[in-house]
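To start, the structure itself, in structure tokens.
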Amino acid sequence: MDTDRATALVVDDTPAKRYIISSWLRRAGHTVIEAGSAAETWLKLAEHDVSLVILDVRLPDMSGIEVCERIKSDPRTAALPVIHISATAIATSDRTYGLQQGADAYLTDPIDPEEFLATTAAVLRYYLARRRAERMAERLASLTRTTLAVNSAETFDQLATAAAVGAAEVFGVAAASFILPVDGRLRRTVCLDPGRPPWPRTSPPDTLRRLGELVPLGEDTGSAVATVAQESLVSVLPDNAADGDVVLVLSRTKSGRPPICIGIQRRDAMSEDETNLLRQLGQTVALAVEALRSYAEEHALALTLQRSLLPTRSPHVPGWRFAVRYEPASDQAEIGGDFYEVLDFGGHVLIAIGDVQGHSLRAATVMAEVRHALRAFADEGHDAETILVRLNSVFERYHDDQSATVCLMTLDPATGDLQIASAGHLPPLFHDGGRSWFGEGGGVLLGFPLSDVRIERTAIPPGGVVALFTDGLIEDRDVPLTDNLERLRLMPLDDDLEKYCDQVLDEFGHREDDVALIVLRRDPA
């Protein structure tokens, strides 16, 4: 809307006067709607997108001053400019009162056409500036909400959704986002309307590269905005839902990285403020993508390190079977310090499981150090109690800000005798003859003063099963730990330990923390 073309509502109970004022407005290029009473005014305002009200002070069913007050008190019409016209209420006090009650201008008969049109243009300029300011304030508020959603995204799918929905909300049109994560699978999300659910779409991997050919960013960092004709967009995205031309922004914050792309439906020519908003949104999403990429790369590095340090297979011990599992929480979750170990020394087998505090690359490296130290102490012939005491010395000397839980089981494979030494770890789960129960567990965590270690002694009978696990398996934010422990205890035991491990992981589903699991069975014979 501009001051040269507006939709004006002329309200006057005299048809001749309405005709004269309407003819002036129409000759000036405006669209005119007429009303003869206050009641008719409300109907016209509800039916049409009005930009200006020319209002007679005296109406048959209500004072024009009161009509103006109601227009200005309604949030939907409060910004509408109102020009009062009167042939009777022409005193200075009348004009002053009308302006004090909300009118933007007050003219008295006889009216000069040029003065009338100049007044109309003046109030429309003010109205247009106010609408632009209000629209920009709304968009800035939407951009703030979008920035929070984008920076709160924990996965690339969430990020693509937040970008598309945010763009649709900021600009009030259909929008789409294109993000290429480190896994090489393009995330494309379409939001046709902020009030409707977003729509994930599939696209070939080179889609982002081809969109980049339509926007002059090249290999530079920063942002570039371009209007793209519908036929050009169709050549890249045959299934696009755009109805007409689109505006694309490409943003990149680090050289050598693929850019992100956000597209919005084009309605009118974009103003400089709107273009800058789109650039800012693009930069916000690009920064969030880069942070998530770096995070994913660190996670992959830590996961590779952790997997390389874990045993590739369990030793072969006659009369015994072993099954192990290590499950990271997710591709975007921080890496943990979970580890396990099964060492066969001929006369006895040492089984270890533990969890170093924290979720980071440092936790994984501390885990590696603990595991190597554990192996070294075991190779020196130390018993489980001494190993835990010496591991605790490693923490106190080199990692005084870290802690860990560890459970060491020393098994005599010939007799089934078992000694369990625990440093704050969860108790092992025993199965035998249809019964299932937990051991003692407990103890002081490594990293705290440790004077002695309590040893639990038991024996595994023929056919008996023992399961060791880390807390990531049974910890849920909204479920008591005891409930999940009982849930694990009551799970049926499969004769095939590999199937049993899979059933345990399936039972508890996706976890927010890493999970390590060791299950051993003594042959029945």
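Derivation of every value follows stated rules applied to the coordinates shown; laboratory data play no part. None of the values given here were measured: they were computed from a predicted structure. We place every Cβ from the backbone using ideal geometry, glycine too, and count neighbours over all the protein chains shown.
For this structure, a couple of remarks:
- Straight-line cross-link reach from K72 at under 18 Å between alpha-carbon atoms covers these lysines, not counting any fewer than eight positions away in the same chain: K44.
- Long-range amide H partners of A105 with built H, under 5 Å: V82, H84
- Options (i) 29.3; (ii) 27.3; (iii) 25.3 - which one matches Kirkwood radius over Cα pairs in Å as calculated here: (i)
- For segment 85-92, 3J(HN,Hα) per residue [Karplus equation, 6.51 cos²θ - 1.76 cosθ + 1.60, θ = phi - 60°, Hz, x = Gly/Pro]: 10, 8, 9, 10, 8, 10, 5, 4
- Residue by residue, segment 365-381 carries 3J(HN,Hα) couplings of 6, 5, 4, 4, 5, 4, 5, 5, 5, 4, 4, 5, 5, 5, 5, 6, x Hz when phi is fed to the Karplus relation 6.51 cos²θ - 1.76 cosθ + 1.60 (θ = phi - 60°); x denotes Gly or Pro.
- Helix 156-171 axis versus longest C-alpha principal axis of the chain: approximately 10°, rounded to the nearest ten.
- Once the C-beta distance of E475 and R257 is scaled by a Förster radius of 45 Å, the resulting FRET efficiency is 0.80 to the nearest 0.05.
- If both residues of a DSSP beta bridge must be in the chain, then about 80% of such bridges are antiparallel.
- Longest to shortest principal axis, alpha-carbon extents of segment 159-279, angstrom: 33, 30, 26
- C-alpha long axis of helix 384-398 to longest principal axis of the chain, angle in °: 40 degrees
- Two-site FRET efficiency, T482 against R457, from Cβ-Cβ distance with R₀ of 25 Å, rounded to 0.05: 0.50
- A DSSP coil position with no more than 15 other Cβ atoms inside 10 Å describes the following GluC sites (Glu not before Pro) in segment 478-520: E512.
- Test item: Cα-centred dipole of segment 28-78, Lys/Arg +1 and Asp/Glu -1 on Cβ, debye: 120 debye
- Spacing of the two label points (7 Å from each Cα toward its C-beta) at W199 and S235, in nm: 2.4 nm
- Virtual paramagnetic centre 7 Å along Cα→Cβ of V317, amide N under 17 Å, in segment 376-401: 378-379, 381-385
- Between the listed residues A167, L445, Y500, the Cα displaced farthest toward the positive end of the dipole of the chain, a dipole computed from Cβ unit charges relative to the Cα centre, is found at A167.
- Label sites at A129 and Y97, each approximated as a point 7 angstrom past Cα along Cα to Cβ, lie 3.1 nm apart.
- Crossing angle, helix 15-27 versus the chain [Cα axis fit, 0-90 degrees, rounded to tens]: 60 degrees
- Rounded to whole Hz, the Karplus (6.51, -1.76, 1.60) HN-Hα couplings of segment 518-525, x for glycine and proline: 10, 10, 10, 10, 8, 4, x, 7
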